[in-house]
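**Q** The structure that follows is given in the form of structure tokens.
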Amino acid sequence: MVEPSQEQFGDRQGGGENASLSSPKSLPEFQRVFPNEDACRAYLYRARFPDGFLCSYCGDTGEPYRFRNRPDRLRCRSCKRDAQLTASTIMQGSQLPLCTWFWGAFLVTSLTPGMSALQFQKMLGIGRYEPAFNMLHKLRAAMVRPQRDRIGGQWPVEVDETFVGGATQGEGRGRHHKTLVAGIVEVRPRKRAPGPDPNLPSGQRPQHRGGHGRGFIAGRLRLQVIPNRKQETLEPFVLANVKQRTEVRTDGWTGYDNLEKLGYLHKAVSLRGDHAMTDQHLPMIHIVFGNLDAWLLGTHHGVSPKHLQGYLNEFVFRFNRRFWPLVAFASVLRIGAQVEAPTYTALYDGSWEHPGGKAG
Ligand SMILES: [Zn+2]
């Protein structure tokens, strides 16, 4: 269930090699599977060309020429033009070895809370902070599948907004960066889930009465930075992320007034700031918001608004794969082989539009 991200996909490259992209389950296995650049290169090739080589110039699908002393170069047998193995991937133009990227993907997908850029830099032995920060953000760009599914359908969803963030480290007291985030989470019967929800702190269970008895669990999640709580902001967010005819649970905020007309089964409750009622009606999304806040502060010590969507993408990626952590490594590299990442400049001046950051 949940995301098709766990699907293994076929591979016709290399004459009878194992057809799937695997995720190593431990450090010794990682060391065995990825001992050197060649091994990483072969994996990246399979991730980028799951159906075999495809020349981006002429469309030829014949196995490309390779060069012993320029192993990243692939030359089309038909038009003789060259392509870099990392072109149009998150690793494009990187000065770092592929092995470092693979270690990075393994670390960031294996550790339950993820890593700060500083921890990341130290673990990978990268000399400066910026390349480590940059790599982490590029890996986050690989945490949103292009054309991902809308959620809901047979499962109700809870929709709400929250302010996240606060004082950013090093900026002193009183300086705040509160950013508005909208969230949607599916409410699924627990019996369909394999075991307890590891996303919740140990022992914590959604406490619900009324319509949400025990036995429900959070399904897929979507989070997005939004500029305001207006109807014209919230409606496109719901439309882009939730299937029509889904039961959509919200508070009584007027921004959601029109959902019925947009084709949803709208269940609104006026909560009037009553926490008990809030937890009854929207228990899942409030637990998510609480965990998100704790993660942003605890692991990352606060996040600046212009980078927040990247962190939300990482949080959602891990949340939606929390029952299948071992597929996350392959997912990051598979998506990372298919999408481009922000340039260093775009990342720092904030002009890069994070995937998942568009409402429409
Ligand atoms: Zn060609």
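**Q** Report the FRET efficiency, 1/(1 + (r/R0)^6), for Y65 and Q154, where r is their Cβ-Cβ distance and R0 is 41 Å, rounded to 0.05.
**A** On the way: r = 50 Å, r/R0 = 1.22.
Approximately 0.25, to the nearest 0.05.
**Q** R0 = 30 Å: FRET efficiency of L27 with R73, Cβ-based, nearest 0.05? Kindly include the intermediate steps, with their values, before the conclusion.
**A** Numbers: r = 31 Å, r/R0 = 1.04.
Between L27 and R73 the formula returns 0.45.
**Q** Follow-up. Counting Lys +1, Arg +1, Asp -1, Glu -1, what net charge surrounds P71 among other residues with beta carbon under 10 Å of its beta carbon? List each step's numbers first, then the result.
**A** Values: positive: R41, R66, R68, R70, R73; negative: E37, D38, D72.
For residues surrounding P71, the net value is +2.
**Q** Something else about it: Give me the distance in nm between label points sitting 7 Å out from Cα along the Cα-to-Cβ direction at D257 and Q119, one decimal.
**A** 4.6
**Q** Rank the residues W103, W253 as a footprinting-exposure proxy: fewest other Cβ atoms within 10 Å of their Cβ go first.
**A** Details: W103 20, W253 16.
Placing the least packed residue first, the sequence is W253, W103.
**Q** In which sequence would M135, M123 go, from the one with the fewest C-beta neighbours within 10 Å to the one with the most?
**A** On the way: M135 25, M123 14.
Going from sparsest to densest Cβ surroundings: M123, M135.
**Q** Okay, moving on. Can you list the HN-Hα couplings for the range 256-266, worked out from phi with the Karplus curve (6.51, -1.76, 1.60; θ = phi - 60°), rounded to whole Hz and with x for Gly and Pro?
**A** Each residue of the range 256-266 in turn: 9, 4, 9, 4, 4, 5, 7, x, 10, 8, 8 Hz.
**Q** Okay, next question. Just to confirm a number: summing +1 for Lys and Arg and -1 for Asp and Glu over residues other than V157 whose beta-carbon lies under 12 angstrom from that of V157, what do you get? Working shown, then result.
**A** Details: positive: R150, R188, R220, R222, K243, R245, R249, K267; negative: E158, D160, E186, E247.
So the environment of V157 carries a net charge of +4.
**Q** Test of understanding: what is the full-extension gain from N228 to L265, defined as 0.36 nm times their sequence separation minus their Cα-Cα distance?
**A** Details: separation 37, 0.36 × 37 = 13.32 nm, distance 2.36 nm.
Stretched fully, the N228-L265 segment lengthens by 11.0 nm.
**Q** Could you compute the net charge surrounding V181? Neighbours are other residues with a C-beta less than 13 Å from the C-beta of V181; K and R count +1, D and E count -1. Intermediate results must be reported in sequence, preceding the final value.
**A** Details: positive: K178, R222, R229; negative: D160, E161, D293.
Net charge in that neighbourhood comes out at 0.
Values in this text are rule-based calculations from the coordinates and carry no lab data. What you see is a predicted model, and the numbers here were worked out from it, not measured in a lab. Note: ideal-geometry Cβ built from the backbone for every residue, glycine included; neighbour counts use all protein chains shown.
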